[in-house]
Structures are given as C-alpha cells and as structure tokens.
1. Could you tell me whether any residue of the stretch 127-143 is out of contact with any Asp or Glu (no Cβ under 6 Å at 6 or more places or on another chain) and modelled with pLDDT of 90 or more?
2. Among the candidates 41, 53, which residue alone is at pLDDT 60 or above and over 39 Å from the mean Cα position of the chain (by Cα)?
3. Among the listed residues 146, 101, which satisfies the condition of being surrounded by 10 or more Cβ atoms within 10 Å (Cβ to Cβ) and in a helix (DSSP H, G or I)?
4. Find all pairs meeting these conditions: Cβ atoms under 9 angstrom apart; at least six residues apart or on different chains; first residue within the stretch 109-121 and at pLDDT 85 or above; second residue among the aliphatic types (A, V, I, L, M).
5. Could you tell me which numbered condition residue 120 fails, if it satisfies all but one of (1) hydrophobic (A, V, I, L, M, F, W, C); (2) loosely packed, with under 10 Cβ neighbours inside 10 Å; (3) within 60 Å of the chain's Cα centre (by Cα)?
Amino acid sequence: MRETADRAAVREQARLPQPERRYIYNGENRSPDRTPALRPNKRPARRKVSTFNLIVILFTAGIAIVLYVNNIIAVNHLAFEVSQLQAKYDGLTNANASLRAELSRKMALERISAVAADQLNLQHPAEQPVYFEIDGSLEEDLKEGADRQ
C-alpha cells in the first residue's frame, strides 16, 4: 500500500510544472530569497556557405539554363522541319492523287475506242473471228520459212 502511495505522489509531481534547472553557477553562494538567473538559449550557429560552393552552384545553374535553352531551340527547329516536311508530303499526295485521276481518265474504254477510231482508223470487225488449228508439220514449215528469210 505504501508503494502505491509513493507512485501516486510521483505521478502528482510529474503533473505539476517543474522549475527550470538552467542555473548559472559561478562558485558564489546566493541567498535563497533571490531567484536564480536563467541562462538564455543560445542561437544555433549559422553555417556559412563557402565561396567555392556558391561558385559551383552558380556555374551548375548556368550550365543547366544553357542546356535548357538549347533544348528549346532544337525542339523548335525540329518542329519547323516537321511542318515543312508535312507540307511537302501533302503536296506530293495531292499530285499523286491528280496523276491517278488523270491515268484513270485516260484508261477509260470510251476514250481509247474514240482515239482508235479517229486517229488510227480502227474499226470493230463486221463478222466474228474464225479460229483454226495448224498441224505440227505446218508449224515446222512456217518456222523453216521464217529462218530462211
């Protein structure tokens, strides 16, 4: 039972605000009626940036900026080149389409019949063509005659 009472007292002390223990001791005895002088918190020492590190950082930033601008210029140049090639491709596609249309117009059967009749004086036959067979011996005689000439 005594042990639980001690624990309760410790808990009660933990809940109460504790006086600060940052006292300045210089070997003098102070009177108990005076409040002890508190040591002020030290400001953390600020790390100085060395000149070399600053120059390296600025140099690196400069290189990064130059590379970024160079990349933008290269992308713009490539975009311009792509647009020129696209325009050239569209022109060639249109020319190819017009050539195909002209070819199909010139290959039309009506046009070919008209040109054959007008310019070459060709006519459709009045009667059906007759097919006949040639014997093998006649074929050889014809080849021999062609060789003699």
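The values are calculated or read from the model by the stated rules, or taken from the named source; none is laboratory data. If you're wondering where the values come from, they're calculated on a predicted model, not measured in any experiment. With ideal geometry, Cβ positions are generated from the backbone for all residues, glycine too; neighbour counts draw on all protein chains shown.
1. Among the residues of the stretch 127-143, not one is out of contact with any Asp or Glu (no Cβ under 6 Å at 6 or more places or on another chain) and modelled with pLDDT of 90 or more, which makes the answer no.
2. Of the residues listed, the single one that is at pLDDT 60 or above and over 39 Å from the mean Cα position of the chain (by Cα) is 41.
3. Of the residues listed, the single one that is surrounded by 10 or more Cβ atoms within 10 Å (Cβ to Cβ) and in a helix (DSSP H, G or I) is 101.
4. Hits for this filter: 113/122; 116/122.
5. The number of the failed condition is (3).
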